[in-house]
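Working notes, beginning with the structure itself.
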Amino acid sequence: MHAELLPLFPLSLVLLPQNIVPLHIFEERYKELIGEAMANHTEFGIVLAATDGILNVGCTASVERLLRRYDDGRMDILALGRRRFQVQDLDQERSFLRAQVEYFEDTEEFAAEELQSKARDVHDRYESSGDLPTQGGLLSFMLSQSVRDLDFRQQLLMSRSESERLRMLIGFLPKQRERERYVVQMKELAPRNGHGKHGPDTAGDAG
């Protein structure tokens, strides 16, 4: 029974299949987890950590590269997203969480070429998609590598339709870029406020 348990690594990120994520491993329990995964060439599960526990849909990862091993056992690695799963039952016998999981795939394997092309076009306005695969639901996940919104990434992870994910991306990517521009603009304006030159006179009077 224990051989079927998937080690879990709760993090403040959502890993998607075929996405690469750099990880710095410093806690003793996760040094153990990653060490076993590397030694046995096995996968571990990354799940989004929430304030009241973990989300029950995650993605397995494999260690693609050990970038650096420190003298105290800490590691820098590159992990690659593999398979999606849903947690069925948790096991706490080890120092790290493990779970019985159910792996799942899309109920629809392909999306229409027109929809794929539209998603590529929207993505390429901001970042080149290059020669990405179009089969097996991989395109949507690959186009999502630069998406940082955790809630949105979790929705993509849970979706079982490639067409649905591509439509979601078509609607989301322009909004993400607009938010990024706004944040940059605010950072440029913020230092000017409160000094009596470029901002309103009331900004620096408190205190």
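Couple of notes before you dig in:
- Remark: E36 falls outside the filter, which requires a residue to be in contact with a strand residue (DSSP E or B) (Cβ under 6 Å, 6 or more places away or on another chain) and either without any contact (Cβ under 8 Å) to a residue 24 or more places away in the chain or over 23 Å from R148 (Cβ atoms) (or both).
- Those residues of the stretch 63-87 which are surrounded by fewer than 17 Cβ atoms within 10 Å (Cβ to Cβ) and either touching a residue at least 40 places away in the same chain (Cβ under 8 Å) or among the polar types (S, T, N, Q) (or both), in sequence order: E64, L67, G73, R74, D76, L78, Q86
- Within the stretch 155-170, being surrounded by fewer than 17 Cβ atoms within 10 Å (Cβ to Cβ) and in contact (Cβ under 8 Å) with a residue 60 or more places away in the chain holds for one residue alone: M158.
- Meets criteria (in contact (Cβ under 8 Å) with a residue 12 or more places away in the chain and among the small types (G, A, S)) for G53: no
- Test for T42: is it assigned by TED's automatic domain parsing to the domain that holds A99, exposed (fewer than 15 other Cβ atoms within 10 Å of the Cβ) and under 30 Å from S140 (Cα atoms): yes
- Condition met for F104 (surrounded by fewer than 19 Cβ atoms within 10 Å (Cβ to Cβ) and either within 20 Å of S146 (Cα to Cα) or modelled with pLDDT under 95 (or both)): no
The values are calculated or read from the model by the stated rules, or taken from the named source; none is laboratory data. Predicted model only: the values in this text are computed from it and were never measured. Using ideal geometry, Cβ is built from the backbone for each residue, glycine included, and neighbour counts are taken over all protein chains shown.
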